[in-house]
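Contents: one structure, followed by commentary.
All of the numbers you see were taken from the coordinates with simple rules; none came from a lab. Note that this is a predicted model, so its numbers are computed, not measured. Here the Cβ positions follow ideal geometry from the backbone for every residue, glycine too, while neighbour counts run over all protein chains shown.
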Amino acid sequence: MLVDLGFVTSPQVEAARAEAKAAGVGVVDLLVANKTIRPADVTQAKAAQFGAEVVHLGGMQLPEDVIATVSRDIARKYRVIPVYKHENGVTIALADPSDLATVDSLSHLLRAETINIQVASEQDIENALQKYYGEKKGIVADERFKDVMQDLNAEHGGGLAAAAAAQAEAAEADAPLIKLVNQIVTEAFKLRASDIHLEPLSKTFRIRYRIDGMLQEIKGPPKKLQAAVIARLKIQSNMSIAEHRIPQDGRIQANVGPKTVDLRVSCLPTVHGESIVMRILDKEGLKLGLPELGFMTDDQQAFEKLISLPDGILLVTGPTGSGKTTTLYSCLHYINRPDRKIITVEDPVEYVLAGINQVQVNEIVGLSFSKALRAILRQSPNVVMLGEIRDLETATIAINASLTGHLVFSTLHTNDAPSAVTRLIDMGVKPFLIASSTRALMAQRLVRKICKQCLAPYTPTADELRPLNLPAELLATAQFKKGKGCSNCNGTGHRGRFGVFEIFVIDDESRKLIYERVPSSVLRARARQAGMRSLREDGIRKILAGLTTCDEVIRATVSDEA
């Protein structure tokens, strides 16, 4: 069948057959190991042999009532996933449709009149088993949740929140609740999530992971475990479990295998209980090189020149979660040399960098951004990094520092680069100070990368291309790419993120316009005239380079014509 479908030639099969016989392995296994064929080709051939349809489970979100048609024990024993539920039967996905014994057994075990077969890859089946039924000792199986509730109720007569507090204080490493909470964090880390969201709803306790900027829901524990899980996390992050009316913040240090990760925890009272969001800060996983940020060669050279200047202020702008802090850390890493003293003021200090003095803001004891900034200027630094410009006092001190021989990096919440000037003036900063101190303004957004293991040529539709306004000459030579979806990217076609940027280098003409308090639209027109490439245009360059897709750039950026 592999030969008939054109995935492999007869001579290749015969050569592999001889080699496989000598090695004592299967012919198909050897062809896959030698990368002559892909696992996806094997799946398609098996499906074609039995007239079945291929299904990609990674790109699907199966409803709970469908998953409930096959119990965890049966799903794991026979390695099958229910895909659709019918009036008199069910459609299941399995890796080997030739296993007739399994199909017959399932007809009896599921008491279904009809069982339709679809074929999925081994890796797809394994990922789906973990996603919907949990690992052998997993957290998402109903039986596991039942064990937790039975243990807590038996020990504390049904007081689940009190039971969680007692278990946390006793620090019993093998307590079911502790294992449950640890597994939530471990799974998130393995899936490369940046945030864990635990959200109490009216009838459910929802858990979602933010992976490559997109939220993905996983099967959460029963509503009855909500209070216990939240109490456990609050104690771990040194919050008060007696306080349920006001927001609280804390930190947790967790061990995930050989790695130690920090979790920044935020607790917010909502109508149906306390919502917790945990930001995963993986110190070892932080890529600090400028190429990893997503700069094209010309932009990287311009940016390296800017961050090597002796003085002035460089502002990175964008909404929350657009990667501004990571960009600033990368700048510090690039210019960190023994002959330079670098001090940062942050709230909070997310990543500890070797050779850099980092100051944590503490409003409780009166150490604000402005006070910390005043103090560090007496430490004779060459470079100052300010986590965020929040008010007039902080902005004035930062700009004055840049005028007195310091190189200052900071962030600001604006939609594009030129708007940063308007925002500073709106705060109350004098235009002449902005004009004389600002070296460059850079706006950025994050878009998802195409998965390298399943990228393939792709022809976008007219509707997809219309918002990009691509010139005809570019369309004629463009080679668009898109991820098909594989086990490496969990069926999404994307793995990882990088930035799209617009860099506004302040020249003499721009300084004159800033001094004259012109609107940001006029300043933007000047920036474009001086050669600034917009976020959308930078995104289009990266689409044409086969790094990301049209949908991603349209989602993250706004057209200048809009």
Subject >> Potential extension, residue 378-residue 545 segment - 0.36 nm per residue separation minus Cα distance >> reply: 55.4 nm
Original post:
How high is the FRET efficiency from residue 1 to residue 113, r the C-beta distance, R0 35 Å, rounded to 0.05?
Top reply: 0.70
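For the stretch 262-342, state which GluC sites (Glu not before Pro) are in a DSSP loop and have at most 10 other beta carbons lying within 10 Å of their beta carbon. Don't skip to the end; give the middle numbers.
On the way: sites: 274, 284, 292, 304; in loops: 284.
The qualifying sites are 284.
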**OP:** Starting from the Cα of residue 436, move 7 Å in the Cα-to-Cβ direction to define the label point; list residues of the stretch 389-428 whose amide nitrogen is under 15 Å from there.
**Re:** 396-406
Subject >> Efficiency of FRET between residue 77 and residue 256 - r from beta-carbon atoms, R0 30 angstrom, step 0.05 >> reply: 0.55
**OP:** Compute the distance in nm between two label points, each set 7 Å from the Cα along the Cα-to-Cβ direction, one at residue 56 and one at residue 517.
**Re:** 5.5 nm
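Length gain on complete extension for the stretch residue 98 to residue 21, per 0.36 nm per residue less the alpha carbon to alpha carbon distance? Spell out each step's value before the answer.
Numbers: separation 77, 0.36 × 77 = 27.72 nm, distance 2.24 nm.
Taking residue 98 through residue 21 to full extension adds about 25.5 nm, to one decimal.
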Subject >> Percent of Cα-Cα distances greater than 23 Å, calculated over the stretch 249-360 >> reply: 41 percent
**OP:** Report, in whole Å, the centroid distance computed from the Cα atoms of the stretch 324-346 and the stretch 421-461.
**Re:** 19 Å
Original post:
Taking 0.36 nm per intervening residue step and subtracting the Cα-Cα distance, what contour gain separates residue 463 from residue 266 on full extension?
Top reply: 66.9 nm
Subject >> Separation between Cα centres of the stretch 475-506 and the stretch 213-278, rounded to whole Å >> reply: 32 Å
**OP:** Please report how far the C-alpha centroid of the stretch 1-53 lies from that of the stretch 75-114, rounded to the nearest whole angstrom.
**Re:** 26 Å
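Determine, for each peptide in 9-22, 424-437, the mean count of other beta carbons within 10 angstrom over its residues, then list the peptides with the highest first. Spell out each step's value before the answer.
On the way: 9-22: 13.1, 424-437: 16.8.
Result, highest mean first: 424-437, 9-22.
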Original post:
Expressed as a rounded percentage, what relative contact order does the stretch 496-562 have, with Cα pairs under 8 Å and six or more residues apart?
Top reply: 33 percent
**OP:** Would you mind listing how long the stretch 395-550 runs along its three principal axes, going by Cα atoms, in whole Å with the largest first?
**Re:** 53, 34, 23
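Considering the convex hull of the alpha carbon atoms of the stretch 339-437, report its projected area averaged over all viewing directions, in nm², one decimal.
On the way: hull surface 27.4 nm².
Averaging across all directions leaves 6.9 nm² for the Cα convex hull.
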Original post:
What's the Cα-based Rg to Rh of the stretch 8-103, Rh via Kirkwood?
Top reply: 1.07
Subject >> 222 nm mean residue ellipticity, helices alone, for the chain (DSSP H n ≥ 4; -39,500 (n - 2.57); rounded to 500) >> reply: -11500 deg cm²/dmol
Subject >> Mean separation of Cα contacts under 8 Å, 6 or more apart, over the residue count of the chain: relative contact order % >> reply: 9 percent
Subject >> Span per principal axis, largest first, for the Cα atoms of the stretch 478-562 (Å) >> reply: 56, 23, 22
**OP:** Taking the dipole about the Cα centre of the stretch 309-383, with the C-beta of Lys and Arg at +1 and of Asp and Glu at -1, give me whichever of 376, 348, 360 is farthest to the positive side.
**Re:** 376
Subject >> In the stretch 208-311, trypsin sites (Lys or Arg not before Pro) in a DSSP loop with at most 14 other beta-carbon atoms within 10 Å >> reply: 245, 283, 287
Original post:
Could you give the dipole magnitude of the stretch 404-465 about its Cα centre, charging the beta-carbon of Lys and Arg +1 and that of Asp and Glu -1, in debye to the nearest 20?
Top reply: 280 debye
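Nothing charged except the Cβ atoms of Lys and Arg (+1) and of Asp and Glu (-1): what's the magnitude of the dipole of the stretch 273-421 about its Cα centre? Round to the nearest 20 debye. Before the final figure, lay out the partial values.
On the way: 12 positive and 17 negative charges, 97 e Å.
My answer is approximately 460 debye.
State whether the chain is rounded, prolate or oblate according to the following rule on the C-alpha gyration tensor (a ≥ b ≥ c being the square roots of its eigenvalues): a/c under 1.5 gives rounded; otherwise a/b larger than b/c gives prolate, and the remaining case gives oblate. Numbers along the way, then the final one.
Details: a/c = 2.36, a/b = 1.40, b/c = 1.68.
Judged from the Cα gyration tensor, the chain comes out oblate (a/c at least 1.5, b/c at or above a/b).
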